[in-house]
Amino acid sequence: MTIIGLIRHGITDWNNEYRAQGLADIPLNAVGQKQAELLAQRLKNEDWDYIYSSDLSRALETAEIIGRIKNIDVKIDERLREMNCGLIEGTTEQDRVNKWGYGWSKLDLGMESNDDIISRGVKCFMDLSERHPDKKVLIVSHGALIGLSLKKFIPHFDTSEHLHNTSVTILNKAEPRWDCKLYNCITHLNTERCESN
């Protein structure tokens, strides 16, 4: 049975400031690095065969911290990048309202569509699972890419809870569909429980 572990990258300064990051290459801050280290310790004694990551530094650094502990080389797949936020990249909600008004989200500001993000994410997840049948694959990516893709990948599962930084979501291929074994788990941060099925 193929198993996919989806991980959102550690926190950045722009996460703290509620800025749209998109394709901006914002690094982990000190807290994000610590979160990644705690996650790596959690995964230390779990069996994983491969690690794939977005090429953006906040995800790649998270993946590399895990990879060092697991002694697994990280493979980059650019399809795992965050959504392209177009003209809103680097802005807060208030910045957007100030610049474009309250209806900013209905304007064409060069943002990647949800459908395009979902298509990219689901195709990548499927490709990696088919490339590594009956293996356990960790994927380190971004909140919008993972969150939107999950809505299509496991539509029967409630994925409405916002994904936390360094959260772990585990999917397993159970014919005829994928199932979610663990969702948005951050027990390594010692703050919340996990919901598992």
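The values are calculated or read from the model by the stated rules, or taken from the named source; none is laboratory data. Here the structure is a predicted model, which is why all the values come from computation and not from measurement. Virtual Cβ from ideal backbone geometry, glycine too; neighbours counted across all protein chains shown. We work out accessible area using only protein heavy atoms, side chains counted, and drop any ligands, DNA or RNA first. Shrake-Rupley method; radii C 1.70, N 1.55, O 1.52, S 1.80 Å.
Volume per residue of the convex hull around the Cα atoms, evaluated for the range 1-73, comes out as 91 Å³.
Compared with the dominant principal axis of the Cα atoms in the chain, helix 57-70 is inclined by about 10°. Surface composition of the range 1-69: carbon plus sulfur atoms contribute 47% of the solvent-accessible area (1.4 Å probe, protein chains only, all chains present).
With a probe of 1.4 Å, find how much accessible area the range 4-87 has per residue, and write the answer as a whole number in Å². Show your work: numbers first, answer last.
On the way: 3850 Å² over 84 residues.
Per-residue accessible area for the range 4-87 comes out at 46 Å².
Give, in nm to one decimal, the length gained when the segment between Asp49 and Asn114 is fully stretched (0.36 nm per residue of separation minus the Cα-Cα distance).
So the extension gain works out to 20.4 nm.
Annotation: average projected area of the chain is 10.8 square nanometres, based on the convex hull of Cα atoms across all directions.
Annotation: Asp25 carries an accessible surface of approximately 90 Å², with a 1.4 Å probe and no ligand, DNA or RNA atoms counted. What do you get for the angle between helix 143-153 and the principal long axis of the chain? Use alpha-carbon atoms, 0 to 90 degrees, nearest ten. Here the helix axis deviates by roughly 60 degrees.
Sort 74-84, 145-155 by packing, meaning the average of other beta carbons within 10 Å per residue, with the highest value first.
Details: 74-84: 18.5, 145-155: 20.1.
Output ranking for 74-84, 145-155: 145-155, 74-84.
Pairs of Lys residues in the range 1-132, spaced 8 or more positions apart or belonging to different chains, with C-alpha separations under 25 angstrom: 6 in total.
For the range 62-147, compute Rg over Rh where Rg is the Cα radius of gyration and Rh is the Kirkwood radius from the inverse mean 1/r over Cα pairs.
Working: Rg = 16.8 Å, Rh = 15.2 Å.
In the range 62-147, Rg relative to Rh is 1.10.
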